[in-house]
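Scroll down for the structure; my scribbles are underneath it.
Every number here is computed from the coordinates shown, using simple stated rules; none is lab data. Just so it is clear, the model here is predicted, and its values are computed rather than measured. Cβ sites come from the backbone with ideal geometry, for glycine too, and all protein chains shown count toward neighbours.
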Amino acid sequence: IKENALLEINQCTKIEDIENVRVKYLGKKGEITNILKGMGKLSQDERPIIGKIVNTVREELEESIRIKKDHIKENEKYEKLRLETIDVTMPSRKRSIGKKHPITQIMDELKYIFTGMGFKVAEGPEIETVYNNFDALNAPKNHPSREMSDTFYINENLLLRTQTSPVQIRAMKAMPLPIKIISPGRCFRFDAPDATHSPMFHQLEGLVIDKDINMTHLKGTLDAFVKQFFGESTKTKFRPHNFPFTEPSAEVDVTCFKCKGTGCSMCKGEGWIEILGAGMVHPNVLRNCGIDPNEYSGFAFGMGIDRIAMLKYEIDDIRLLFENDMRFLNQF
Ligand code: PHE
């Protein structure tokens, strides 16, 4: 019995097998158990001798089963680990992650700075009325920007907005006073594309209307903006200009952030770079929107986002921004 049992134990490869062998020999009706049960029938002399032998065999078999069980468990563990092995030397699969377009990055940065100063973001449609884009903004009937050769007209009343300034009109008509908004968005002009012109481009408009707003508020706001955007040491310079919708009007230059005003290729040796147009909202524009210019005043400014992105990232051709060449875009 012992030899048979040991042979069977040895052949087991699974925990279930070994359990079957155990039941067969040591279980309630197992062969060894049966012998132990039959001990009563033996004589006084035989009983201790047979009993000793059977118990020894039983202990031996129990020990063998235990060792074999441990062995099988160990093997199973190794097999499991082997199957779960990861080859850490294998090259990983490359995942390409999308990024924000440089224009969107600049827009986000501008929004962040201006909302930090309390401006709300307002948006308007890209298809505008001629009235909102020109008339309400006090553009004289013969203003050159109205020409068919400068503006994409859809019909005599509708056009693709040439600037974000019509959002001023929409805001002043719709919003309760005081108003403090920026409005980023696409604009369109009938320009042949070249390194500095694109028929589609982006502007960001700013508008503040409240009681007692004056030029110092405009200057302070823009000064805070350029310092945050171009760097603390940036200075601004207001040059007199003319826009139909502001009076007085100015073009605003900043010290070249590359050469810090000493003159370089970026600022064409001038030390200054023009970045935006601005001024005090013309009383006619306020009146066109139902606001009393004797009670309220305001300032407005508008800047080209593409131009600012080009300056910041030193991009020398605006067309690169809209060709969607991944080799170009991946650099930002
Ligand atoms: N809309 C003007 C432009 O396109 C910029 C501007 C906006 C100027 C607001 C003054 C005030 O040139």
(message) If I measure Cβ to Cβ between cysteines in the chain, which ones have no partner under 4.7 Å?
(response) 12, 187, 289
(request) Show the residues, 5+ positions off or on another chain, whose built amide H is closer than 5 Å to the amide H of residue 152. (result) 160, 190
(request) Starting with the highest mean, order 321-328, 38-45 by the number of other Cβ atoms within 10 Å, averaged over the residues of each peptide. (result) 321-328, 38-45
(request) Take the Cα gyration tensor of segment 54-161, multiply each eigenvalue by 5, square-root it, and list the three semi-axes largest first, rounded to whole angstrom. (result) 85, 17, 13
(message) Give me the percent relative contact order of segment 183-330, please, defined on Cα pairs under 8 angstrom at least 6 residues apart.
(response) 27
(message) Positive end of the dipole of segment 133-210, charges at C-beta (+1 Lys, Arg; -1 Asp, Glu), about the Cα centre: which of 157, 197, 182 has its Cα farthest in that direction?
(response) 182
(request) Please report Rg over Rh for segment 1-78, where both radii come from the alpha carbon positions and Rh follows the Kirkwood definition. (result) 1.08
(message) Please compute the length gained on full extension between residue 56 and residue 157, using 0.36 nm multiplied by the number of residues separating them and subtracting their Cα-Cα distance.
(response) 25.3 nm
(request) Grab the Cα-Cα distance for residue 97 and residue 46, subtract it from 0.36 nm times how many residues apart they are, and report the gain in nm with one decimal. (result) 9.8 nm
(request) Could you size up the charge dipole of segment 1-150 around its Cα centre, putting +1 on the beta carbon of Lys and Arg and -1 on that of Asp and Glu, and report it in debye to the nearest 20? (result) 680
(message) For the pairs 24/52; 120/235; 100/120; 173/268; 94/268; 211/235, flag any whose C-alpha to C-alpha distance is greater than 32 Å.
(response) 173/268; 94/268
(message) Debye calculation, C-alpha points only, no solvent: report log10 I(q)/I(0) for the chain at q = 0.07, 0.13, 0.14, 0.15 Å⁻¹, in the same order as the q values.
(response) -0.46, -1.00, -1.10, -1.22
(message) Please report Rg (one decimal) and Dmax (integer) in Å for the Cα set of segment 150-263.
(response) 16.6, 49
(request) Using only the alpha-carbon atoms of segment 40-113, report the extent along each of the three principal axes, biggest first, to the nearest angstrom. (result) 106, 29, 15
(request) Return the FRET efficiency for the residue pair residue 121, residue 77: r is the Cβ-Cβ distance, R0 is 56 Å, and the value is rounded to the nearest 0.05. (result) 0.40
(message) Among 78-85, 137-144, 202-209, how do they line up by average Cβ neighbours within 10 Å per residue, starting with the highest?
(response) 202-209, 137-144, 78-85
(request) Take the alpha-carbon centre of segment 310-332, take the same for segment 215-280, and report the distance between them in whole Å. (result) 23
(request) Would you please give the FRET efficiency between residue 326 and residue 258, computed as 1/(1 + (r/R0)^6) with r the Cβ-Cβ distance and R0 = 35 Å, to the nearest 0.05? (result) 0.85
(request) Compute the Rg to Rh ratio over segment 208-332 from the alpha carbon atoms, using the Kirkwood formula for Rh, and round to two decimal places. (result) 1.06
(message) Order 221-233, 92-104 from most to least packed using the mean count of other Cβ atoms within 10 Å.
(response) 221-233, 92-104
(request) Would you mind calculating the relative contact order of the chain from Cα pairs under 8 angstrom and at least 6 residues apart, reporting the percent as a whole number? (result) 14
